[in-house]
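Engineer: This is the structure I have questions about; it appears just below.
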Amino acid sequence: MVLALTSVVQGSVGFGVALLAAPFLVWLEPRLVPGPLILSSTLLTVLVAYRDRGAMDLKGVGLALVGRVPGTLVGAWLLTRVAGADLGVLFGALIVLGCATMAFGPPVRPTQTALLVAGFVSGVMGTSSSIGGPPMALLYQHEAGTRMRSTLAVYFTLGAILSLVILALVGRFGSWELEASALLAPGVFLGFLLSSRTARWLDRGRLRQAVLLTAGLAGAALIAARFIG
């Protein structure tokens, strides 16, 4: 159920599965994050990329991936040195701060430099805690819905593959994680099917507000999870 609901969010807004599901999955079984969550949610990104394929920004994806490679290595290193709960607090605070800044500050556009930086930060966060969506989503918040969702979906798919390879190399993804991913997949697929209607509704002038709200709430949830747990 958690994966179905959060997949509706990502299928509509462009991100959200990892951000919103991670705190609940960690509470249920810590080993579900990051590996199984990354792999199961890749199913969703593939489906969204295909659905909105006509509007994707492939150049932006390429630049962000260049930044993500070193970020992924840093994220894997952090995962072996810092407790996951502490990383959640740090990243949650950064997400909330970023949302507040962008809500009241000047528009941020996906320039070359911005894409490289966002890709790096996304790689660090995505590999170490499965929450790599906000940096890229906030960067594309002023773009059309189909362009944002398809671009993020392709980026997340390729970035997830890189993260999973690194996790396997550091001993954090094996047969148990693979089986757990398969159990999470049906909820992801159901959420995607339901998101087609909500995506069209958000595209009528509501997408930016949804991006900021989703990221802000998810960041706050990461912080709260550290103290509630």
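The values are calculated or read from the model by the stated rules, or taken from the named source; none is laboratory data. Quantities reported herein were computed from a predicted structural model and do not represent experimental measurements. With ideal geometry, Cβ positions are generated from the backbone for all residues, glycine too; neighbour counts draw on all protein chains shown. Remember, those area values only see protein heavy atoms, side chains included, never the ligands or the DNA or RNA. Shrake-Rupley method; radii C 1.70, N 1.55, O 1.52, S 1.80 Å.
Engineer: Of all residues in the stretch 1-20, which are assigned to a helix (DSSP H, G or I), crowded, with 23+ Cβ neighbours inside 10 Å and of a type in the set (G, A, S)?
Structural biologist: Selection gives S7, G11, S12, A18.
Engineer: Which ones in the stretch 115-139 are buried (at least 19 other Cβ atoms within 10 Å of the Cβ) and either among the polar types (S, T, N, Q) or more than 16 Å from the chain's Cα centre (by Cα) (or both)? Walk me through it before giving the result.
Structural biologist: The first filter runs over the stretch 115-139 and keeps only residues buried (at least 19 other Cβ atoms within 10 Å of the Cβ), leaving 115, 118-139.
Matches in the stretch 115-139: S122, T127, S128, S129, S130.
Engineer: Just a yes or no: is a residue in the stretch 140-153 open to solvent by 50 Å² or more (accessible area, probe 1.4 Å), modelled with pLDDT under 85 and among the hydroxyl-bearing types (S, T, Y)?
Structural biologist: Scanning the stretch 140-153, I find no residue that is open to solvent by 50 Å² or more (accessible area, probe 1.4 Å), modelled with pLDDT under 85 and among the hydroxyl-bearing types (S, T, Y), so the answer is no.
Engineer: Looking only at the stretch 69-97, which residues are surrounded by fewer than 21 Cβ atoms within 10 Å (Cβ to Cβ) and not aliphatic (A, V, I, L, M)?
Structural biologist: Result: P70, W77, T80, R81, G84, D86.
Engineer: Taking the condition within 18 Å of L183 (Cα to Cα) and in contact (Cβ under 8 Å) with a residue 60 or more places away in the chain, does S12 pass? Working first, answer last.
Structural biologist: Values: within 18 Å of L183 (Cα to Cα): no; in contact (Cβ under 8 Å) with a residue 60 or more places away in the chain: yes.
No, not satisfied.
Engineer: Here is a follow-up. Find all pairs meeting these conditions: Cβ atoms under 7 angstrom apart; at least six residues apart or on different chains; first residue within the stretch 116-144 and over 16 Å from L164 (Cβ atoms); second residue part of a helix (DSSP H, G or I) and of a type in the set (K, R).
Structural biologist: From the stretch 116-144, the pairs are G119/R68; F120/R68; Q141/R208; H142/R208.
Engineer: Tell me which residues, restricted to the stretch 42-68, are open to solvent by less than 20 Å² (accessible area, probe 1.4 Å) and of a type in the set (S, T, N, Q).
Structural biologist: Once the filter is applied, which keeps residues that are open to solvent by less than 20 Å² (accessible area, probe 1.4 Å) and of a type in the set (S, T, N, Q), the stretch 42-68 yields only T45.
Engineer: Within the stretch 21-41, can you find the residues that are part of a helix (DSSP H, G or I), in contact with a Ser or Thr (Cβ under 6 Å, 6 or more places away or on another chain) and buried (at least 23 other Cβ atoms within 10 Å of the Cβ)?
Structural biologist: Residues of the stretch 21-41 part of a helix (DSSP H, G or I): 21-28, 30-32, 35-41.
Filter once more, keeping what is in contact with a Ser or Thr (Cβ under 6 Å, 6 or more places away or on another chain): 21-22, 36-40.
A21, A22, P36, L37, I38, S40, listed by residue number.
Engineer: I'm trying to understand the selection: among the residues of the stretch 48-99, which are in contact (Cβ under 8 Å) with a residue 40 or more places away in the chain, in a helix (DSSP H, G or I) and under 12 Å from L152 (Cα atoms)?
Structural biologist: V48, A49, R53, A55, L58, G60, V61, A64, L65
Engineer: Any chance the stretch 184-207 includes a residue that's open to solvent by 60 Å² or more (accessible area, probe 1.4 Å) and under 13 Å from the mean Cα position of the chain (by Cα)?
Structural biologist: no
Engineer: Failed condition for F156, given (1) part of a helix (DSSP H, G or I); (2) open to solvent by 60 Å² or more (accessible area, probe 1.4 Å); (3) at pLDDT below 95, with all others met?
Structural biologist: Exception for F156: condition (2).
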